[in-house]
Structure formats: C-alpha cells, structure tokens
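Below: one structure, written as structure tokens.
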Amino acid sequence: MATIETTFLGLALQSPIIVGSSSLTGQARTIAELAKAGAGAVVLKSLFEEQILNEAAREAGRGGVVYGHDDLDGFVSYYTKKHSISEYIGLIKASKAASPIPVIASINAISNGEWKSIASEIAAAGADALQLNLFVNPFDENRSADQLEALYTDIVRSVKAVCSIPLAAKIGPYFTAIPRMVRALAQAGADSVILFNRYQSPDIDIDKLAFHTAPAISSAGEYVQALRWVSLVSGSAGVPVIGATGIHDDQALIKMLLAGSPAVEVVSTVLRNGHKQIGAMNKGLSDWMDAHGYTSIAAFRGAMAGKAPADRASLERFQYIKTFGDAN
C-alpha cells in the first residue's frame, strides 16, 4: 500500500498537503483540526511588516509624551512592534503544543530592515521553519528590474544570517526571468522557493465608478501557471521548489508532485470545501499511487520535470499553434 509521507525543509510530513497562511491557520485550535484532517504541515497566518509599520506610524502621529519618553516615535514604534510580535510568538507556542505536525511561521516582507531580529524570536519560539512572503513594490518607474530583484535576495540573505531554522521564500509570478530569480534566492540562502504568491487584485465597479477588491479565493485552473515553472526549474534550482495557488483537488496535487514539487500549499479549496477536502485529496493521491504501482512519493516525484526535450518544448511553448474555432 502506498505511503504519502514526504519531506519538506528537512521536516517529516504525514502528507504533502501544507495548509497555507490564511484565516485557517490563525488559531491553535483550528491548526489541531487541520492536523487531524490529514494536513502535513501548516503555515501560520502571516505577520505583516507593512501592517505593523503603518500601525506604529499612526500611533506615533498622535503626538505627546508617553511614560517619560521624549522620543515618542521611537517608543511607540518599539511598543507596537513588540506587542504584535508577542501575540505571534504566543500563536507559535500554542500551535506547537496543540498539534504534532510541523508549524511554519510566516512573515510578509516588503523591505530589508525590520525582520532580522523578528526572525530570531520566531525561531526561539519553536517554529519548525520560516516562510518569507516577498513582495517589493514594483510601481516605482525609477527602480530597475535589477534593483528590485536585488532587494528580494538582500532580504533573504539578511534573514538567513540570523535564522537558525529552515527558510522558504515565496514569490509572485511577476519576474522577467523566473529561473534566474529562483536560483538567486537559493544562492542567497533560501532552503526552498514557493511558486507562487497570489496577491490582492483590484476590480472596477462599473456602476459606482470605483475600485474594489477582486475575489481573493483562487479558481481550480490557476495551478497551471505554477505547474509550468515548477516543472521547468525544480531540477536545476538546487533547492526544493513548491507549487502553490489553484491546487484544489487530488489531480492538481498529483500533477505538482510529478512536476517535482515535494509538497504543495493549499488554502482556497479548504476554505470552500471544508477540512474534509484534505482527506479527500490524500485518498485520491493514495489511490492513484496504488493504481500505478508507486509505494512512495519519491518513486514518481519529478517524473514530468521537463527532462525530456519533447516535454521541455511543451513547457516552454507560450503561443497557440492553432486558432480557437478552427474546423476539424
């Protein structure tokens, strides 16, 4: 009978399904429920650098002297950060106590300045690994692509220097040269690269003529973007490359494993279908492995990782050869 155990960041996982950072992973109680449902690991709800810094700036803007501190900005900034981080450290400790599966802390980094000391505290609290969700503002027309990419690697390098636990870097798809970016992150110290972050997007209300937020939940077909790049880079990145976004069922899970991913991150399918979806995906994977004679994930992982010339040609093709609607 097939075993669906795998390893990620040196951690033993009972399943290749990692529940990603979301409202599902913000409480120790729900994390324990996800473990019982069959999740291999969880990524805690993220600590946002931007949110902490904005809160500190807002409080500091009120003016005055607090507890004898003349430097209000410095005091409030320190207090706000420590308060937010203290709550997060508590979540790590409670989650570790409530669940036997690996707990991966998560921080959303937008700059290279605030996270080095925080990473040390997260490791000391008992997190099994740390995931950096990286997004550097690309909207400044005076910043070149090289400058933006350098900030990504600088953040990873700075955090890795003070982080005693495995470090994963999760990025979005908006790079000109994704293989180069993945390799650069690995060289900077990332122990894994995760493809891809799904960012908040705007939409337009055509009646009110106003912007609003587009739906946050992914659709089932979105996995194909990550599938292409996991297949293309998993064999040459030097570190494990993980698929994320749009993985809604056991078929998408199996495809990612075939592409070379040792595990996957899921969120939307569990939000939509409940914790039972984890068990359904695990069973679908196990049944498929039994049907094909595989006793372990290692026996087939990476079988479709773009090794053969014909496979690589399919992965690198972007243009349609025929026009939709051609007659047969």
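Every number in this text was worked out from the coordinates using simple rules, so none of it is lab data. Note that the coordinates shown come from a computational prediction; the quantities given were computed from them, not determined experimentally. Counting neighbours? That spans all protein chains shown, and the Cβs are built from the backbone with ideal geometry, glycine included.
Modelled spin labels at ASP203 and HIS292, positioned 7 Å past Cα toward Cβ, are 3.5 nm from each other.
Here LYS96, LYS208 are placed in order of increasing Cβ neighbour count within 10 Å, fewest first, which gives LYS208, LYS96. Dipole magnitude for region 111-243: computed about the Cα centre from +1 point charges on Lys and Arg Cβ and -1 point charges on Asp and Glu Cβ, it is near 420 debye.
Sorted fewest first by neighbouring Cβ atoms within 10 angstrom, THR30, THR25, THR3 come out as THR3, THR30, THR25. Taking every Cα-Cα distance in region 146-190 and sorting them into 10 Å bins from zero, the calculated P(r) comes out as 28, 58, 14, 0 percent. Taken along its principal axes, the alpha carbon cloud of region 6-316 reaches lengths of 71, 50, 47 Å, longest axis first. Using the Cβ of TRP288 as centre and a radius below 11 Å, the other residues enclosed give a net charge of -1, where K and R count +1 and D and E count -1. Using C-alpha pairs under 8 Å with a sequence gap of at least 6, the mean separation divided by the residue count of region 6-316 gives a relative contact order of 16 percent. Annotation: amide H-H contacts under 5 Å for ALA263 (H modelled 1.01 Å from N, sequence separation of 5 or more, or interchain): GLY243. Considering only MET256, GLY90, ALA280, and ranking their Cα positions along the charge dipole of region 6-316 that arises from unit charges at the beta-carbon of Lys, Arg, Asp and Glu, the one farthest toward the positive end is ALA280. The ranking of MET1, MET304 from fewest to most other beta carbons within 10 Å of each one's beta carbon is MET1, MET304. Computed from label points 7 Å out along Cα-Cβ, the spacing between THR213 and ASN142 is 3.1 nm.
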